[in-house]
Amino acid sequence: MDYKNQVAQAVAAVVPELDEATILSKIEVPKDSTMGDFAFPTFLLAKEHHMAPNQIAATVAEAIDATNFKAVQAAGPYVNFFLNQLTFGTDVLQTVLMNQDFGHNTDGEAGHVTIDMSSPNIAKPMSMGHLRSTVIGNSLAEISKANGYQPIKINHLGDWGTQFGKLMSAYKRWGSEDEVKADPINTLVKYYVRFHEEAKENPALDDEGRAWFKKLEDGDEEARQLWSWFREESLKEFMELYETLDIEFDSFNGEAFYNDKMDGVIDTLKEKGLLIESQGAQVVDLEKYNLNVAMIQRTDGATLYMTRDLAAAIFRKKNYNFVKSLYVVGGEQREHFMQLKAVLKEMGYEWSDDVEHIPFGLITVDGKKLSTRSGRIILLKDVLKDSVDLALQQINEKNPTLGNKELVAHEVGTGAVVFHDLMNERIGNFDFKLEEVVRFEGDTGPYVQYANARAQSILRKAGNPELDMSNLVIDDENVWETEKLLADFGDVVRRAWRDREPSVIAKYALNLSRTFNKYYANSKILAEDEQLNARLALVTAVSQVLTESLRLLGVKAPKEM
Ligand code: ARG
């Protein structure tokens, strides 16, 4: 089905001065499809031949053997190729339908890719920002797999730091076990906030908090127990959310996991002469990278976020032998990850080049920024619940007799939030308005799900017949765009991985849905004629590719909605 190659071969046969690979790399897809399906620009040849590109295009077009194409024509400096729609269509449908993994490749050669994702902080609610990391990370994991890699999804929980000392001190003063158990995160946040307020009046509290953290670091029994209990209760709440999204992790090794691996890092830094003292703290100078110093150890000997990330990076290389190590973390931590890479590089780790920060932008809700401090904690749970409610409302209007309504509403509601998050280029900031996200029309997840459900309903109406693969010709102009989009899927999957950009898949899915809906509106798919089988094959192929696109995004594709 590699038509681009066919075009390159045809050109190479008459342009011996260029090798086929060069030609292949120059071939374009014209923006306007009336100009053909592929175009070869002749500028490259103009210099050598001392001829105007237009003239060269005319000569080349004339010389090319056009038997495999519908037409080959010169237009200005381009040689345009028109594919033979009927053979192309048959070829595409066969390729899609006979290959359940259609669109996948093996470029990754089974290399391991660690993906640091989600990574919320214990005793704090998971925010919309953490949602972004979770769903982008999950989708990149699926996309990496489709490109032949083996992803390892790591939840680098924020489960260590001085705030735990404060929390313990607050709990010891005002806490109740039952209260925590009933509503863990909200209750712990409440204690923490109260601690901060009272500490303003009573600075002795801060000392108490520090003392508790010291106890924790020294392995004090009670402190340890409290810590692991807070962690467990918080994790329970996070797990509910991961279940809602149907996202799994390979590891929950958070910051605390690296406690006993920090001395090793600090020793190595010392050995390599990289640690210098600055105002009592131990830092690594990164001036030659144009970066601020990286703080490794505080004046009081406590280690830091950076130190734990150094230990984690080294551990991951040893343990998973990754070919790429991704960190899906908001753009505000850009400097942190540049420093992390730079320190690893200074330590002599060649693989620091494989460490990649995958930043993303901010979500605002109804135009306002989210922040814990200002009290605008948008609870993800609530957003997802509202979204599912809204989906159910729409299903009740559109399809009141649908069985399994609750499940479908769940798949549509959560899918809508996930899809919306992923359809925007990850680096952009975007605003979130629930009513727009859950609409069944426009650029939304439900729109894609609906196109797929419609395809499935056509197949049901036809009685889900066995398809005859030897008869796939659809002699209808309207089907052309859809067939061409199907043929693009493999390129789309590659591009999404190359750019670490799930939005490439989301935009493609929207495009395929729109194109298919247009075809559906203009054609009688179920008409009883000799091309019925071929049209049902097309519908099946569209549904297969839409379902796979959604799967790569972590969105379900209900067969009815
Ligand atoms: N817990 C951090 C936060 O919520 C994110 C951790 C990201 N991962 C990492 N290895 N630093 O901001």
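The values are calculated or read from the model by the stated rules, or taken from the named source; none is laboratory data. What you see is a predicted model; the values in this text were computed from it and never measured. Because the Cβ atoms are built from the backbone with ideal geometry, glycine has one as well, and the counts that use them run over all protein chains shown. Protein only, heavy atoms only, side chains kept; ligands, DNA and RNA dropped before computing areas. Shrake-Rupley method; radii C 1.70, N 1.55, O 1.52, S 1.80 Å.
Out of curiosity, is PRO16 outside any helix (DSSP H, G or I), open to solvent by 20 Å² or more (accessible area, probe 1.4 Å) and under 30 Å from VAL539 (Cα atoms)? Judged against the criteria, PRO16 is not a match.
Could we say that GLY165 is within 16 Å of the ligand (Cβ to nearest atom) and either small (Gly, Ala, Ser) or buried (at least 23 other Cβ atoms within 10 Å of the Cβ) (or both) here? No. Of the residues that sit in region 320-332 and are open to solvent by 10 Å² or more (accessible area, probe 1.4 Å) and β-branched (Val, Ile, Thr), which one is nearest to the ligand (Cβ to nearest atom)? Within region 320-332, the match that is nearest to the ligand (Cβ to nearest atom) is VAL329.
Scanning region 414-424 for any residue that is surrounded by 14 or more Cβ atoms within 10 Å (Cβ to Cβ) and free of Cβ contacts under 8 Å to residues at least 40 places away in the same chain turns up at least one such residue.
Residue count for region 64-115 under the criterion of being part of a loop (DSSP other than H, G, I, E, B) and over 27 Å from the mean Cα position of the chain (by Cα): the result is 9.
Evaluating ASP101 against the criteria (1) of a type outside the set (Gly, Ala, Ser); (2) closer than 23 Å to LYS324 by Cβ; (3) within 16 Å of the ligand (Cβ to nearest atom); (4) open to solvent by 10 Å² or more (accessible area, probe 1.4 Å) leaves one unmet condition, (3).
In the condition set (1) within 19 Å of ARG454 (Cα to Cα); (2) surrounded by fewer than 17 Cβ atoms within 10 Å (Cβ to Cβ), ASP499 is compliant with all but (1). Residues in region 345-361 that are open to solvent by less than 10 Å² (accessible area, probe 1.4 Å) and within 13 Å of the ligand (Cβ to nearest atom): VAL355, ILE358. Within region 442-461, can one find any residue that is at pLDDT below 95 and either aromatic (Phe, Trp, Tyr) or open to solvent by 50 Å² or more (accessible area, probe 1.4 Å) (or both)? No: region 442-461 contains no residue that is at pLDDT below 95 and either aromatic (Phe, Trp, Tyr) or open to solvent by 50 Å² or more (accessible area, probe 1.4 Å) (or both). You will find that of GLU237, GLU233, GLU243, the residue that is without any contact (Cβ under 8 Å) to a residue 40 or more places away in the chain and either part of a helix (DSSP H, G or I) or open to solvent by less than 10 Å² (accessible area, probe 1.4 Å) (or both) is GLU243 and no other. Based on this model, can you work out whether GLU28 counts as over 30 Å from VAL328 (Cα atoms), touching a residue at least 12 places away in the same chain (Cβ under 8 Å) and in contact with a Pro (Cβ under 7 Å, 6 or more places away or on another chain)? Considered against the rule, which asks whether it is over 30 Å from VAL328 (Cα atoms), touching a residue at least 12 places away in the same chain (Cβ under 8 Å) and in contact with a Pro (Cβ under 7 Å, 6 or more places away or on another chain), GLU28 comes out as yes. Elements of the type helices (runs of 4 or more DSSP H) sitting completely within region 439-536 and holding at least 1 residues that are in contact (Cβ under 8 Å) with a residue 12 or more places away in the chain and in contact with an Asp or Glu (Cβ under 6 Å, 6 or more places away or on another chain): these cover 445-461, 503-522.
Here is a check on your reading of the model: is ASN464 of a type outside the set (Gly, Ala, Ser) and over 24 Å from the mean Cα position of the chain (by Cα)? Step through it out loud before you land on a result.
Values: of a type outside the set (Gly, Ala, Ser): yes; over 24 Å from the mean Cα position of the chain (by Cα): yes.
So ASN464 passes the test.
Taking the conditions exactly as written (touching a residue at least 12 places away in the same chain (Cβ under 8 Å) and over 30 Å from GLU425 (Cα atoms)), does MET98 satisfy them or not? Considered against the rule, which asks whether it is touching a residue at least 12 places away in the same chain (Cβ under 8 Å) and over 30 Å from GLU425 (Cα atoms), MET98 comes out as yes. Looking at this structure, is PHE249 hydrophobic (A, V, I, L, M, F, W, C) and out of contact with any helix residue (DSSP H, G or I) (no Cβ under 7 Å at 6 or more places or on another chain)? When the stated conditions are applied, PHE249 passes them.
Answer yes if at least one residue in region 216-223 is buried (at least 21 other Cβ atoms within 10 Å of the Cβ), in contact with a helix residue (DSSP H, G or I) (Cβ under 6 Å, 6 or more places away or on another chain) and in contact (Cβ under 8 Å) with a residue 12 or more places away in the chain, and no otherwise. So that I can check it myself, show each step before the final result.
First pass over region 216-223, keeping only residues buried (at least 21 other Cβ atoms within 10 Å of the Cβ): 216.
In the following step, the residues that additionally are in contact with a helix residue (DSSP H, G or I) (Cβ under 6 Å, 6 or more places away or on another chain) were identified as 216.
Narrowing the set further to residues that are in contact (Cβ under 8 Å) with a residue 12 or more places away in the chain leaves 216.
Yes, that holds for at least one residue.
Scanning region 55-82 for residues that are open to solvent by 70 Å² or more (accessible area, probe 1.4 Å) and within 17 Å of VAL14 (Cβ to Cβ) returns GLN55, THR59, GLU62, ASP65, THR67, ASN68, GLN73.
Scan region 280-301 residue by residue and report those that are over 35 Å from the mean Cα position of the chain (by Cα) and either surrounded by 14 or more Cβ atoms within 10 Å (Cβ to Cβ) or among the hydroxyl-bearing types (Ser, Thr, Tyr) (or both).
Initial filter on region 280-301 (over 35 Å from the mean Cα position of the chain (by Cα)): 280-282, 298-301.
Within region 280-301, ALA281, GLN282, ARG298, THR299 qualify.
For region 112-128, the condition holds for at least one residue, the condition being that it is more than 11 Å from the ligand (Cβ to nearest atom), β-branched (Val, Ile, Thr), under 22 Å from ILE314 (Cα atoms) and surrounded by 21 or more Cβ atoms within 10 Å (Cβ to Cβ).
If you check VAL189 against the conditions, is it among the β-branched types (Val, Ile, Thr) and either open to solvent by 10 Å² or more (accessible area, probe 1.4 Å) or free of Cβ contacts under 8 Å to residues at least 12 places away in the same chain (or both)?
Numbers: among the β-branched types (Val, Ile, Thr): yes; either open to solvent by 10 Å² or more (accessible area, probe 1.4 Å) or free of Cβ contacts under 8 Å to residues at least 12 places away in the same chain (or both): yes.
Here the answer is yes, as VAL189 does meet what is asked.
What pairs come up if the first residue lies in region 250-269 and is farther than 15 Å from TRP227 by Cβ and among the β-branched types (Val, Ile, Thr), the second is open to solvent by 10 Å² or more (accessible area, probe 1.4 Å) and within 15 Å of the ligand (Cβ to nearest atom), and their beta carbons are under 7 Å apart, counting only those six or more places apart or on different chains? Hits for this filter: VAL265/ILE314. With a requirement of 1 or more residues that are within 16 Å of the ligand (Cβ to nearest atom) and more than 20 Å from PHE164 (Cβ to Cβ), the strands (runs of 3 or more DSSP E) lying completely within region 252-319 that satisfy it span 294-297.
Against the numbered list (1) modelled with pLDDT under 95; (2) open to solvent by 20 Å² or more (accessible area, probe 1.4 Å), GLN94 comes up short only at (1).
Test of understanding: among ILE152, ILE143, which residue is within 29 Å of THR364 (Cβ to Cβ) and either within 16 Å of the ligand (Cβ to nearest atom) or assigned to a helix (DSSP H, G or I) (or both)?
Values: ILE152 fails: within 29 Å of THR364 (Cβ to Cβ).
Among ILE152, ILE143, only ILE143 is within 29 Å of THR364 (Cβ to Cβ) and either within 16 Å of the ligand (Cβ to nearest atom) or assigned to a helix (DSSP H, G or I) (or both).
Consider region 362-395 and keep the residues that are open to solvent by 80 Å² or more (accessible area, probe 1.4 Å) and in a helix (DSSP H, G or I). The one that is modelled with the lowest pLDDT is LYS381.
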